[in-house]
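Just below is one structure, and these are the notes that go with it.
The values are calculated or read from the model by the stated rules, or taken from the named source; none is laboratory data. Everything numeric in this text was worked out from a predicted model, so none of it was measured. Cβ sites come from the backbone with ideal geometry, for glycine too, and all protein chains shown count toward neighbours. Ligands, DNA and RNA are excluded from the accessible area calculation, which covers all protein heavy atoms including side chains. Shrake-Rupley method; radii C 1.70, N 1.55, O 1.52, S 1.80 Å.
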Amino acid sequence: MSFEYKAPFWLPGGHLQTIYPVFLSRLHQQEGSAHHLPVRRIRKDTPDGDFIDFDWFEPLQSSSPEATVVLFHGLEGSSESVYARAYAAEATARGYRLVVPHFRGCSGELNRMPRAYHSGDVDEIDWMMRVVASESRSQRLYAIGVSLGGNALMAWAGRRMSQTSSQWPQLISLAAVSAPLDLAAAGRAIDLGLNRVLYADHFLKTMRAKAQTKWQQFPGLFDLHAILQANTLRVFDDLFTARLHGFENVDDYYERASALPWLASISKPALILNSRNDPFIPWQSVELSSGGLPCSHVMQWSPKQGGHMGFVSASPGAFLGLPGSLQPMTAKVLNWLTEQAPAV
């Protein structure tokens, strides 16, 4: 099975395919939605004295779901992100539970500790996965990471789970969608030309605001003036992300946090889905067939279209920005994940 996708004729190019579902979903959320899915939030204290909020979506027709899907969101994302709602709608319709663990500071409340989150946060992924496993009533567990969350998930799978795979018998398979597996390449691409205007500036707006609030929490933790002047994600990552998480600088961060070198160590079935026209993830940087890595457990889907998490259908819901507009992608990914389960 592969992921065949062709964008609607009215949505040409990687930029439009990326921006369209996000823009319309925000308008739809502002207007209020009759398609809002009920969610239950559970807060868990972390070993270092912080907290993580887990948002659980339960199937309406089943009190004993046969599987749980854990979704790791992207940069500045949350359970409110259009892709999170799309996966939640698809998973619960199948009788599964879906849970979104929020990276620190992404659930609507500032976290307690100086640290935040980053693209290679394998310790955090490991702890989150263990919480989900302990809270889940399901015998089977599937994991999906989107964008930043996809890189973090695959880095965890390659660096941690390969050594302790026997401790994860319930985890069947994993998937990364639009993940920047080579952070240096993605970092360069997102800060150039139109990408900088459309994407980098968008992320920086919320990231600088969070940094300012974090500095008020911990005055002197970093050079706030320099961060507020940061006009690229690379500069921000150098001044903030790398500094707060123990990296020497941004180059050290991008090198050590990238999942690409660890894919060959993954011991569970894993799916990598990247469109070839993703505006800020160069296809050459994530193409496994030319990378020389013996990824025996990894399958890659690489449709020509789709943008960055923009696999929009041509259904009427696509015109309204509804979660169902991403149904071709969510259904295909969940189909692949579940097909990896051993026959009973």
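What are the residues in segment 85-112 that are in contact with a helix residue (DSSP H, G or I) (Cβ under 8 Å, 6 or more places away or on another chain) and hydrophobic (A, V, I, L, M, F, W, C), if any?
Hits for segment 85-112 are 86, 88, 89, 91, 98, 99, 100, 103, 110.
Of the conditions (1) at pLDDT 95 or above; (2) farther than 30 Å from residue 237 by Cβ, residue 75 satisfies every one except a single condition; which number is it?
(2)
Of all residues in segment 256-303, which are closer than 20 Å to residue 83 by Cβ and of a type in the set (Lys, Arg)?
276
Name every residue in segment 36-84 that is open to solvent by 20 Å² or more (accessible area, probe 1.4 Å) and in contact with a helix residue (DSSP H, G or I) (Cβ under 6 Å, 6 or more places away or on another chain), in order of residue number.
Once the filter is applied, which keeps residues that are open to solvent by 20 Å² or more (accessible area, probe 1.4 Å) and in contact with a helix residue (DSSP H, G or I) (Cβ under 6 Å, 6 or more places away or on another chain), segment 36-84 yields 37, 44, 75, 76.
Return yes or no: is residue 206 open to solvent by 20 Å² or more (accessible area, probe 1.4 Å) and not in a loop (DSSP other than H, G, I, E, B)? First the steps, then the outcome.
Values: open to solvent by 20 Å² or more (accessible area, probe 1.4 Å): yes; not in a loop (DSSP other than H, G, I, E, B): yes.
Answer is yes for this residue.
Considering (1) touching a residue at least 60 places away in the same chain (Cβ under 8 Å); (2) assigned to a helix (DSSP H, G or I); (3) more than 19 Å from the chain's Cα centre (by Cα), say which one residue 216 fails and leave the rest.
(1)
Of 94, 112, which residue is charged (D, E, K, R) and touching a Gly at 6+ places or on another chain (Cβ under 8 Å)? Explain how you work it out, then say what you get.
Numbers: 94 fails: touching a Gly at 6+ places or on another chain (Cβ under 8 Å).
Just one listed residue meets the conditions, 112.
Would you check if there is a residue in segment 229-242 being assigned to a loop (DSSP other than H, G, I, E, B) and open to solvent by 30 Å² or more (accessible area, probe 1.4 Å)? Full working, then the answer.
Taking segment 229-242 and keeping what is assigned to a loop (DSSP other than H, G, I, E, B), we get 229-232.
Subset that is open to solvent by 30 Å² or more (accessible area, probe 1.4 Å): 229, 231.
Within segment 229-242 (the criterion being assigned to a loop (DSSP other than H, G, I, E, B) and open to solvent by 30 Å² or more (accessible area, probe 1.4 Å)), the answer is yes, since at least one residue qualifies.
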